[in-house]
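The values are calculated or read from the model by the stated rules, or taken from the named source; none is laboratory data. If you're wondering where the values come from, they're calculated on a predicted model, not measured in any experiment. Neighbour counts run over all protein chains shown; Cβ positions are idealised from the backbone, glycine included. Heavy atoms of the whole protein, side chains included, go into the accessibility calculation; ligands, DNA and RNA do not. Shrake-Rupley method; radii C 1.70, N 1.55, O 1.52, S 1.80 Å.
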Amino acid sequence: MATDFWASSHYKRWIVDRGTLKESRSDDLQYVDDPEYLDFFAIFFANVITKLGKKLNFRQRVIATAIVFFRRFYIKNSYCETDPFIVIAACCYVAGKAEESPVHIKNMVAEARLFFSQQPYGVKYFPSDNSKLAEMEFYLVADLECDLTVFHPYRTLLSICKKESSNDLQTEAGEVGVGVDDGPRYWGSGDGQLELPDDAFQLAWSIVNDTYRSDLCLLYPPHLLAITALYLAVVLHGPTRELLQQQSHSVEATPVHSSPRRSSRQSSSTSLGHAKKPSQDFVAFFADLNISMPLVATIAQEIISLYTLWERYLEDSDLVDSARGTFYGHASAQTQSGGSHSGVSTPVESLDDAQKPHGATPTFLLQVLTRMRENKLSDMAHASSGRPVAVNKMLERTQAAG
């Protein structure tokens, strides 16, 4: 794979702006009552891909690649014109190949068909013919322009926190700055790296996982997402946050004066290891990064907005690699004096109607998707010309080919 992110197709063709994303959803916006439903779709379909990937024993990187393929495909297509479930199966199938974790097409079809037939999805029309998935793979790779190289924030996270050997880092040199001779690494001089406890690092890893429930992977380079995840982990992780506060208070309370002279005996006792190793200055670490911290703050706000939206998405999920629980707990503690957080204290059973405007469930989103596709088909069957037209992108290409 490409070793330089800045020379890769990921950076050159698949980092888009918000205008492009808005335009890609223009058709879908005509068939939804609330544009926010499309944001719920992003969470819903990412969860579906994650669960299917775990059924297939995929690593997290393969699941993340499948989600990125799904996002890229729907830059050029709309939900109302396609069947997202066959697209999901194709994305998982292609991602397994791209990340060297292939699954036989028969196993993919069997697992997807069984998984999608269960509740809350209840998809009864998923094809059992392997050729249908193979055909969808062809259309997917065509829309991806054969750009199957995807960079993820995980490698950056590992390299900054000293969690991986130098030999492994060389596989994605351009992403982390290792082996690039024409400029400094993006974390500054590269001499200092962030030292985090294992549970704080796991929190940052989970935050990265959660970013795939939105379009952030299409908007920003992966190293910015990794650094933002570390930025939020330092704040949300209790012991690390307390250490950061202590450092801030000590800086404010320490007067500036010349240090007194010490005897040689005092110096020798210090050198014997009696002095405690000073804790790392997190503020100085982030300040020394060779990136735009205002941009990191912007991404952090978008991640917080994702969690706020996700709080209103009501699903009994078994996802254990998410940081949403930590975020909700921190937000609840911050607002405890003023009352409980409205979303955290509201169980699924408290909703009498799944179609209440302040939240969404998988069942409700599937109903919205069904209405969208039915209305789109109705409009296409009764076009202004009075003649039926192609019902989806694949049929249009087939007709154009002959």
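Of the residues F138, F69, the one with the largest accessible area comes first in the ranking F138, F69, computed with a 1.4 Å probe on protein heavy atoms. A simple spin-label model places pseudo-atoms 7 Å from Cα toward Cβ; at D4 and I105 they are separated by 3.7 nm.
Entry for region 17-152 at q = 0.09, 0.22 Å⁻¹: log10 I(q)/I(0) = -0.25, -1.49, Debye formula applied to identical alpha-carbon scatterers, no solvent contribution. Measuring between alpha carbons in the structure, the pairs from K12/K55; K54/K376; K55/K97; K12/K124; K76/K376 lying more than 28 angstrom apart are K12/K55; K54/K376; K12/K124.
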